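The values are calculated or read from the model by the stated rules, or taken from the named source; none is laboratory data. Small disclaimer: the values here were computed from a predicted structure and weren't measured. Neighbour counts are summed over all protein chains in view; Cβ atoms, including those assigned to glycine, are modelled from backbone coordinates with ideal geometry.
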């Protein structure tokens, strides 16, 4: 019990440090992407921090398994480096006792990941879309600044606004040019503002009190149209398209549906909690090293195993979505291969097994001939 508590304390201490580092890295990466999207008008600048926080919560099912895995590797690696694991083995505390202590902690984290994946993450994705919708309704056309030309739809649409009204939503003296299929439409208006269709979430540019010139460049025949109000569709919100709609589907709906894409999404949500336990099994043998090798001797190999395991889950999810693999099979083959690798590394390849009889590895079973040959 004392040894298990000591192991868990070391792992949790490393867990907090690794989690802080990963969150800082992820927040910096995600905020940078949102900032780039805001500079071109894809994301409203007013909601960057809120969207970043929501993205962190949404991706906790990916961050928590990796964090616990790295924390276990670092904590056990330090114990190997300082010779504490060797002392435990000499005292009859085998690999199974270490694995049991780590498994108990991984089960707790697996339950937390399951709660986020199955319940909170879909709600968070829905909140993201709602935040985007409100931001676009309450702000002027995202990314457009008075006195600057803006290309939209890969140069097919060019808009310019001279000034911004006091309400912060209406542009004064608008100019636009739309080029499509060889035709060119040029419009000017006294005022312009953005409107979002509540049903389709499609953005429209509404022009008031203006004129539109339609025709071919260089030709004299053109059409002049004067209007009091005119709505022109804008590109659909990129941020709304980028969010995977499947992630917003409640888990209960996934369970009741026969759709293959829903089945694949459900398998991914179930695979994340299971991966926490499987990675704990892998961390014990992969952290094994001699004092001369150092604390980070096996870290590169362990990270490569993690990405191979995660890619295996992704491959199985893709096969389920394509109908190649039955939904009942899901990602379980990837879990089975990872567990088999953990078993092979722990009981077959581990130097501990060559130094101790098999039964000496299990708690409460210490034959007399199990000596500290370390």
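The listed residues are 194, 201, 228, 184, and the only one of them that is modelled with pLDDT of 85 or more and not assigned by TED's automatic domain parsing to the domain that holds residue 34 turns out to be 228. Pairing residues of the stretch 301-318 that are in contact (Cβ under 8 Å) with a residue 12 or more places away in the chain with residues that are outside any helix (DSSP H, G or I) and loosely packed, with under 15 Cβ neighbours inside 10 Å, at Cβ distances under 8 Å and at least 6 apart in sequence or on separate chains, gives 316/329. When the stretch 129-141 is limited to residues that are buried (at least 20 other Cβ atoms within 10 Å of the Cβ) and within 18 Å of residue 198 (Cβ to Cβ), the one that is modelled with the highest pLDDT turns out to be 132.
Scanning the stretch 71-79 for residues that are surrounded by fewer than 19 Cβ atoms within 10 Å (Cβ to Cβ) and without any contact (Cβ under 8 Å) to a residue 40 or more places away in the chain turns up nothing. Taking the numbered list (1) at pLDDT below 90; (2) closer than 14 Å to residue 337 by Cβ in turn, residue 309 passes all entries but (1).
Can you confirm whether residue 114 is touching a residue at least 40 places away in the same chain (Cβ under 8 Å), assigned to a helix (DSSP H, G or I), under 17 Å from the mean Cα position of the chain (by Cα) and surrounded by 15 or more Cβ atoms within 10 Å (Cβ to Cβ)? Answer is yes for this residue. Residue count for the stretch 93-111 satisfying the condition of being at pLDDT 90 or above and surrounded by fewer than 15 Cβ atoms within 10 Å (Cβ to Cβ): 3.
Candidates in the stretch 73-90 are the residues that are in a helix (DSSP H, G or I) and more than 36 Å from the chain's Cα centre (by Cα); of these, the one that is farthest from residue 288 (Cα to Cα) is 90.
The one condition from (1) at pLDDT 90 or above; (2) closer than 25 Å to residue 303 by Cβ that residue 118 does not meet is (2).
Within this structure, residue 276 passes the test of being at pLDDT 90 or above, crowded, with 21+ Cβ neighbours inside 10 Å and more than 30 Å from residue 158 (Cβ to Cβ). Give me a count of the residues in the stretch 61-70 that are under 9 Å from the mean Cα position of the chain (by Cα) and buried (at least 21 other Cβ atoms within 10 Å of the Cβ). Result for the stretch 61-70: 1. Please verify whether residue 167 is assigned to a loop (DSSP other than H, G, I, E, B), at pLDDT below 80 and either over 28 Å from the mean Cα position of the chain (by Cα) or closer than 30 Å to residue 268 by Cα (or both), treating the condition exactly as stated. When the stated conditions are applied, residue 167 passes them. Across the stretch 187-213, the number of residues qualifying as touching a strand residue (DSSP E or B) at 6+ places or on another chain (Cβ under 9 Å) and either part of a loop (DSSP other than H, G, I, E, B) or over 11 Å from residue 226 (Cβ atoms) (or both) comes to 15. Of the residues that make up the stretch 19-31, is at least one touching a residue at least 12 places away in the same chain (Cβ under 8 Å), under 30 Å from residue 146 (Cβ atoms), in a helix (DSSP H, G or I) and in the same structural domain as residue 279 (by TED's automatic domain parsing)? Scanning the stretch 19-31, I find at least one residue that is touching a residue at least 12 places away in the same chain (Cβ under 8 Å), under 30 Å from residue 146 (Cβ atoms), in a helix (DSSP H, G or I) and in the same structural domain as residue 279 (by TED's automatic domain parsing), so the answer is yes. Looking across the stretch 250-264, just one residue is under 19 Å from the mean Cα position of the chain (by Cα) and exposed (fewer than 14 other Cβ atoms within 10 Å of the Cβ), and that is 250.
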